[in-house]
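Chemist: Input: one structure, supplied below.
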Amino acid sequence: MSPTLSLTVPCYNEAARLDAGAFVAALTRHPFLSFLFVDDGSRDDTRRVLADLCARGGERARVLALDANVGKAEAVRRGILHALQGNPQLFGYWDADLATPLEAIPDFLALLGKRPEIDIVLGARVQLLGRQIRRRSTRHYSGRMFATGASLVLGLPVYDTQCGAKIFRACDHTRVAFLRPFRTRWVFDVEILARYLEAYRCTAGGADRIYELSLHCWTDVPGSKLGMTEMLGAGVDLLTLYVRASLARHDPAAVAPQPAAANLRWFGRRS
């Protein structure tokens, strides 16, 4: 029997490109799967589209409607916290544009099933022969530069932190990563990994519990909101995380998170 999986899908002005049929089909194929769509204060018809989708998907498709736009990072965080109240065995987030198709979900689950020591699986857009990774050259090369910066911040040889398909095993160290609002806006994916590694600082092995899964298919969907402002913001965010990581190495107490046991009171459960 497959473990229960709750995927948070952040949505902002997605009415024109949300493939409701693909989400409903995924629910039909996978009885263990549920979706929580976070409408991040959309100004178009997204909320109505999501309402129709959830009516078709049944009780395993829900909407968390935010009155004001809070940005993708906070929308994901609030969605994750809401989803965790249902105590799923696995949780994660997935981009609404389905640049990573939902057909990739079984690959993530197969890995987690075979590797019980793995807590986090990151989708990785690696352009290999036999794979269908369709990405604009400018985004590919800027992504390689960004990955170099992320690797320096995290101290990990990570290839792709920014792919919008990630699944986590529900455990103390992964839950804690979402409890506090993110310090960064554009690179919260990197901050999640940094928080996870911080939680493991006193017990070695955190890096060994993160796995990058090379995707078979990924498509650069038109309408992406990545522009020069976002790229500059991402650079500033990386610098912020780098400074924090440097402080942590020299004075861990200065940036120590709250104990996991105390934070888990948010979920009304004990570890």
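The values are calculated or read from the model by the stated rules, or taken from the named source; none is laboratory data. The structure presented is a predicted model; accordingly, all values stated were derived computationally and were not measured. All Cβ positions, glycine included, derive from the backbone under ideal geometry; neighbour counts span all protein chains shown. Heavy atoms of the whole protein, side chains included, go into the accessibility calculation; ligands, DNA and RNA do not. Shrake-Rupley method; radii C 1.70, N 1.55, O 1.52, S 1.80 Å.
Chemist: When a/c is below 1.5 the answer is rounded, else prolate if a/b is larger than b/c, else oblate, so apply that to segment 1-99 with a ≥ b ≥ c taken from the square roots of the Cα gyration tensor eigenvalues.
Modeler: Verdict is oblate for segment 1-99.
Chemist: Apply the a/c threshold of 1.5 to the C-alpha gyration tensor of segment 96-193 and tell me whether it is rounded, prolate or oblate.
Modeler: It comes out oblate by the Cα gyration axes.
Chemist: How much length is gained if the chain between Glu103 and Leu81 is pulled fully straight, taking 0.36 nm per residue apart and subtracting their Cα-Cα distance, in nm to one decimal?
Modeler: Here the segment from Glu103 to Leu81 would lengthen by 5.4 nm.
Chemist: How many nm separate the modelled label positions at Arg144 and Ala207, each set 7 Å beyond the Cα in the direction of the Cβ?
Modeler: It works out to 2.3 nm between the two label points.
Chemist: Using a cut-off of 12 Å between beta-carbons, work out the net charge of the residues near Leu27 (Lys and Arg +1, Asp and Glu -1, Leu27 not included).
Modeler: +3
Chemist: With Cβ to Cβ distances under 13 Å as the rule, what net charge do the other residues near Thr138 carry (K, R +1; D, E -1)?
Modeler: For residues surrounding Thr138, the net value is +3.
Chemist: Something else about it: Do any trypsin sites (Lys or Arg not before Pro) in segment 69-100 lie in a loop, going by DSSP, with at most 14 other beta-carbon atoms within 10 Å of their beta carbon, and if so which?
Modeler: none
Chemist: Ordering Trp218, Trp186 by how much accessible area each has at a 1.4 Å probe, largest first, what is the list?
Modeler: Trp186, Trp218
Chemist: Further question: Summing Lys, Arg as +1 and Asp, Glu as -1, what charge do residues with Cβ under 9 Å from the Cβ of Asp39 carry, Asp39 excluded?
Modeler: Local charge sum for Asp39: -1.
Chemist: From the Cα gyration tensor of segment 31-175, with a ≥ b ≥ c the square roots of its eigenvalues, which class applies: rounded if a/c is under 1.5, or else prolate if a/b is larger than b/c, or else oblate?
Modeler: Prolate, because a/c is 1.5 or more and a/b exceeds b/c.
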